[in-house]
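Q: I am attaching a structure below and will ask some questions about it afterwards.
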RNA sequence: GCGCAGUUAGCUCAGCGGUAGAGCAUUCGCCUUACACGCGAAGGGUCAUAGGUUCAAAUCCUAUACUGCGCACCA
């Protein structure tokens, strides 16, 4: 029967357990537990307890940009599972939540939502209200920086409320008193303090140099935010002349940079071009004389083997320009258009000014792509184009959030010194325990491949400003070599409104006065400090000492290069320490066709709806099934399995409680000494092994393994052990029934605790109705993690259970084959097995015969010499 | 080009030297004093390929192929 509906309350039955009602409706029960946990301060961090008893989590602050999706549910649940285990070990948990609400995602969201653009020159409007989204980009309203920031703050506050509600509903055991927002005063202060500390230690510098530049957002970006995208480009073969006669042909995919050509290079061993080295070439169209130089980075196999170096086509050009101190002929502007330049003036040399300027006149003001087309036309007209452009696949660098290729544009930016510190940063990475271990490789490979320092300044608005001003000289030009750094005591500062010491506001922007740095920091410059934001580094020394370094950093693998790397960097530079001892790297949720979950899919499937349909426990079950680092297919059938497990747990508990409230369990409290029956002892021995394994695996961050065998053991318990002891429990034989009760009691307490990190709601529901009173522990989530030592006095041979199960299976198979019910009587059961198996069978015979409805007179047992063989059984059914 | 992970039943995965497993799906049954939101059973696999190590290989080693990802190159 198809039934996608949540658990429905079934008809109340007369014989229900006194403590657990018949129905359990997660959609109603789960929010109540959430509220209860909050009221009981279950998740509160206790600063009075020592570091050694504390488990500190450096939670990822999700980007606040609309809505959380199923991928968030997945990875945050995995963290919560680990945290709940630690809490049950008795640890004092520090589990904060942060909101990453500064930066471009917020700006973009606000722009679209309100139809506005930030224009710093527009004056502030008191009580401004947006007229709503606009269809056309040109209709966007231009508003002041302050109005824009106000919209950003209001919007993120709104989003954060929704996020928090979802996290609570999912059962994340966060201490909400520890929440922070990356744009809030505390984070701004911490970021600025970090900058000042790095400045004082000499780890940060500003320089005017070519940097990766996104022309759409008009900001610098860091290497970590770049990605390669495959594009269909064209090879253009272009003829160059050699001064003094001769010529050669270069191949390029970017002919529009021809005016920016500063050299031509060939491999020093390339026989074709050896004779040209040292001479000068003349560029087509612009007739600029450029040196022909040897370079090992010119690959004789590629293109024509000789290539032009421009300012700037790629990082190799930057390197070559820098190494050889060649002139800077920048033609790409900050907006991605070709800058107007004059040949024959300054650095733009030409052997024919008139021709050069005529050619360039047609290019200036065009976007790079348009200029490319135009250049090709000009080259063709001049006769410098050899053949026609040939299509080629090329990888082009983009800003990960951008739509146009990145350019190298010389601008002044702040950098953190990464390159010279690579060895130390690799070493720091090695000190962290990565889960899974192989994720360290990604870190290592990324650090080794870095070729630029970390550019931390962004030409944006909604972010943490640099606590920096520059003195202006008598012409009003800033002196960047003597920045005025704010004192730590006045942080956070906004250099646009605050005044540097020794100056007055009236001197802002005036010759001899000052100017504030108007850039903001890379959002990672703030989020790289999350462990220190939480610990209140630089504000509260005692707290910092108690919380730093953290124990656990959970995060996704795609931000190893950013978040993990930058955090390790900052912790080393500031504190000469690792930021955390463990990094747990979660996988991704992928769509059933193995692609990445797309936005459209994410929008149709909201976590809220899934929670309502399947319950939080069901979603958590799905997340808990996946190992760290491993991508998981989005599969709603797994939610259903999780839901079934929760229901089963509830029902099995009801049965156990029926027995525990019965006469056999009455009187003195049940104890291990009551467990006398061989089958019960065998079961307990089996479960003891599982508790030992569970602890070891959890300590190793292998929570999914625990869920796997806890679940297997639980279904086995229900389907076999419970069926076997059921009749004995009802039998009225005091000692035998009591043995079953004592085993059941412990078993239930073990399963509830084993499942508690995964299924916190159903386990708490049952615990509240069963053990809360008898154990004096009001919540399962602070009950001690199960240990085999709790049953140290009980030992048994799991073979007994195994053998009886095999015999019972034979009976069941026969009944199924004959299409009879499970209750159908068995007239004859003839078992052949080894001596140990036979001994086990004899001891548990009553349980077996009762569970199988086997006639005692029809049972026979024949022993063979060894236990190696599988038990054989002949079954004959009786008549009804 | 370098690196990492993976390849086991129709699907999703576990197993990682000792008789090929689970869930889902499929098929056939069953009202059984916790649960029909349940229970029982059945069918279904040369464990990617080829070599090697071993008494014994899905499991260890070496290649190869394919898949995904990361890094680098990218005139």
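Taken together, the values in this text are just the output of simple stated rules run on the coordinates, not laboratory data. These numbers were taken from a predicted model, which means no experiment stands behind them. Note: ideal-geometry Cβ built from the backbone for every residue, glycine included; neighbour counts use all protein chains shown.
Q: Which value results when the Cα radius of gyration for chain A is divided by 2.2 N^0.38 Å?
A: Numbers: Rg = 35.8 Å, N = 880, 2.2 N^0.38 = 28.9 Å.
Normalised Rg, Cα atoms only: 1.24.
Q: Roughly what angle does helix A:722-731 make with the longest principal axis of chain A, taking Cα atoms, 0 to 90 degrees, to the nearest 10?
A: 30 degrees
Q: Just the number: Rg to Rh for the range A:163-215, Cα atoms, Kirkwood Rh, two decimals.
A: Numbers: Rg = 18.1 Å, Rh = 14.8 Å.
Rg/Rh for the range A:163-215 comes to 1.22.
Q: While we're on this one: Assuming a viscosity of 1.002 mPa s and a temperature of 20 °C, what translational diffusion coefficient in µm² per second does Stokes-Einstein assign to the range A:400-473, Rh being the Kirkwood radius over Cα pairs? Walk me through the numbers before you get to the answer.
A: Numbers: Rh = 15.7 Å.
Diffusion coefficient, whole number: 136 µm²/s.
Q: Once R0 is set to 56 Å, what does the formula 1/(1 + (r/R0)^6) return for the Cβ-Cβ distance between residue A:799 and residue A:164, expressed as a FRET efficiency to the nearest 0.05? Write out the running numbers ahead of the final one.
A: Numbers: r = 52 Å, r/R0 = 0.93.
Here the calculated transfer efficiency is 0.60.
Q: Counting every Cα pair in the range A:201-343, what percent are over 17 Å apart? Don't skip to the answer; put the middle values down first.
A: Details: 6531 of 10153 pairs.
Tail of the P(r) past 17 Å holds 64 percent of the pairs.
Q: Relative to the present Cα-Cα distance, how much length would full extension add between residue A:342 and residue A:438 at 0.36 nm per residue of separation? Write out the running numbers ahead of the final one.
A: Working: separation 96, 0.36 × 96 = 34.56 nm, distance 5.46 nm.
Taking residue A:342 through residue A:438 to full extension adds about 29.1 nm, to one decimal.
Q: For the range A:224-269, what is one quarter of the convex hull surface built on the Cα atoms, given in nm²? Mind showing how you got there, number by number?
A: Details: hull surface 22.7 nm².
Approximately 5.7 nm², given one-decimal rounding.
Q: Further question on the same structure: Quickly work out the residue A:692-to-residue A:328 label distance, labels modelled 7 Å from Cα along the C-beta direction, and quote it in nm with one decimal.
A: Spacing of the two 7 Å Cα→Cβ label points: 6.9 nm.
Q: Going 7 Å from the Cα of residue A:36 in the Cα-to-Cβ direction, what parts of the range A:735-778 have a backbone nitrogen less than 11 Å from that spot?
A: A:761-773, A:778
Q: Subtracting the Cα-Cα distance from 0.36 nm times the residue separation, let me have the gained length for residue A:316 to residue A:137 in nm, one decimal.
A: On the way: separation 179, 0.36 × 179 = 64.44 nm, distance 3.66 nm.
Between residue A:316 and residue A:137, full extension yields an extra 60.8 nm.
Q: Restricting to Cα atoms and excluding each atom paired with itself, what does the Kirkwood estimate give for the range A:644-786 in Å? Please list the in-between numbers first.
A: Working: mean 1/r = 0.0654 Å⁻¹.
Roughly 15.3 Å, rounded to one decimal.
Q: Next question. Mind ordering A:56-64, A:850-858, A:800-808 by average Cβ neighbours within 10 Å, highest first?
A: Numbers: A:56-64: 24.9, A:850-858: 17.6, A:800-808: 22.8.
So the order, starting with the most tightly packed, is A:56-64, A:800-808, A:850-858.
Q: Taking the Cα atoms of the range A:565-643, what is the range of coordinates along each of the three principal axes, in descending order and whole Å?
A: The Cα atoms of the range A:565-643 stretch 48, 25, 21 Å along the principal axes, largest first.
Q: I need the Debye-formula profile for the range A:543-702: one equal scatterer per C-alpha, no solvent, reported as log10 I(q)/I(0) at q = 0.12 1/Å, two decimals.
A: Rounded to two decimals, the profile gives -0.86.
Q: Find the centroid of the Cα atoms in the range A:357-405 and in the range A:635-678, then give the distance between the two in whole Å.
A: 74 Å
Q: Shifting gears a bit: If I take R0 = 56 Å and measure r between the Cβ atoms of residue A:861 and residue A:605 in this structure, what FRET efficiency does the formula 1/(1 + (r/R0)^6) give, to the nearest 0.05?
A: The pair residue A:861/residue A:605 has a calculated efficiency of 0.50.
Q: What's the Kirkwood radius of the range A:450-489 in Å, using all Cα pairs?
A: Working: mean 1/r = 0.0790 Å⁻¹.
The Cα-based Kirkwood calculation yields 12.7 Å.
Q: Testing the spin-label approximation: label points 7 Å from Cα along Cα→Cβ at residue A:819 and residue A:239. State their distance in nm.
A: Computed distance between label sites residue A:819 and residue A:239 equals 9.2 nm.
Q: Now for a different question. With viscosity set to 1.567 mPa s at 4 °C, what whole-number translational diffusion coefficient in µm²/s follows for the range A:115-270 from Stokes-Einstein and a Kirkwood radius over Cα pairs? Write out the running numbers ahead of the final one.
A: On the way: Rh = 22.5 Å.
Estimated diffusion coefficient is 58 µm²/s.
Q: Related question: How far is it, in nm, from the label point at residue A:176 to the one at residue A:630 when both lie 7 Å from their Cα along the line to the Cβ?
A: 3.5 nm
Q: Report, in whole Å, the centroid distance computed from the Cα atoms of the range A:418-487 and the range A:565-585.
A: If we compute the Cα centre of each part, the gap is 14 Å.
Q: Of the DSSP beta bridges with both residues in the range A:742-880, give the percent that are antiparallel, rounding to the nearest 5. Write down the numbers at each step before the final one.
A: Details: 6 of 12 bridges.
Bridges in the range A:742-880 that DSSP calls antiparallel: roughly 50 percent.
Q: Could the peptides A:738-747, A:179-188 be put in order, highest first, of the mean number of other beta-carbon atoms found within 10 Å of their residues? Don't skip to the answer; put the middle values down first.
A: Details: A:738-747: 26.0, A:179-188: 20.2.
Top to bottom by mean Cβ count within 10 Å: A:738-747, A:179-188.
Q: Something else: When the C-alpha atoms of the range A:786-880 are aligned to their principal axes, what extent does each axis show, in angstrom, from largest down?
A: In descending order, the Cα extents are 48, 34, 22 Å.
Q: Sort the following peptides by mean Cβ neighbour count (other Cβ atoms within 10 Å, averaged over residues), highest first: A:216-229, A:389-402, A:126-139.
A: Averaged packing, sorted descending, gives the order A:216-229, A:389-402, A:126-139.
Q: How large is the translational diffusion coefficient of the range A:308-429 in µm² per second when you combine the Kirkwood radius over alpha carbon pairs with Stokes-Einstein at 20 °C and 1.002 mPa s?
A: On the way: Rh = 17.3 Å.
Answer, rounded: 124 µm²/s.
Q: Any idea how far the Cα center of the range A:217-243 sits from the one of the range A:758-809, in Å?
A: One Cα centre to the other: 63 Å.
Q: Using the number of other C-beta atoms within 10 angstrom as an exposure proxy, rank A:297, A:236, A:474 with the fewest first.
A: Numbers: A:297 12, A:236 26, A:474 7.
So the residues, fewest neighbours to most, are A:474, A:297, A:236.
Q: Now, a different point. Which part of the range A:233-250 falls in the paramagnetic zone of residue A:382, meaning amide N under 14 Å from the point 7 Å along Cα-to-beta-carbon?
A: A:237-243, A:248-250
Q: Two decimals is fine: what's Rg over Rh for the range A:602-677, C-alpha atoms, Kirkwood radius as Rh?
A: Numbers: Rg = 19.0 Å, Rh = 15.5 Å.
Rg/Rh: 1.23.
Q: Of all DSSP beta bridges located in chain A, what percent are antiparallel, nearest 5? Don't jump to the answer; show the numbers that get you there.
A: On the way: 62 of 93 bridges.
Counting DSSP beta bridges with both partners in chain A, the antiparallel share is about 65 percent.
Q: Taking a cut-off of 18 Å, what percent of all Cα-Cα pairs in the range A:30-103 are separated by more than that?
A: On the way: 1398 of 2701 pairs.
Counting every Cα pair in the range A:30-103, those more than 18 Å apart make up 52 percent.
Q: Counting just the Cα atoms, what span does the range A:713-801 cover along each of its three principal axes? Round to the nearest Å and put the largest first.
A: Here the spans come out as 34, 27, 26 Å, largest first.
Q: Say R0 is 56 Å: what FRET efficiency, to the nearest 0.05, do residue A:559 and residue A:354 get from their beta-carbon distance? Could the numbers behind the result be given before it?
A: Values: r = 54 Å, r/R0 = 0.96.
Efficiency at R0 = 56 Å is approximately 0.55.
Q: Determine the gain in length on full extension of the stretch residue A:424-residue A:249; use 0.36 nm per residue of separation and subtract their C-alpha separation, reporting nm with one decimal.
A: On the way: separation 175, 0.36 × 175 = 63.00 nm, distance 4.53 nm.
Taking 0.36 nm per residue and subtracting the Cα distance, the gain is 58.5 nm.
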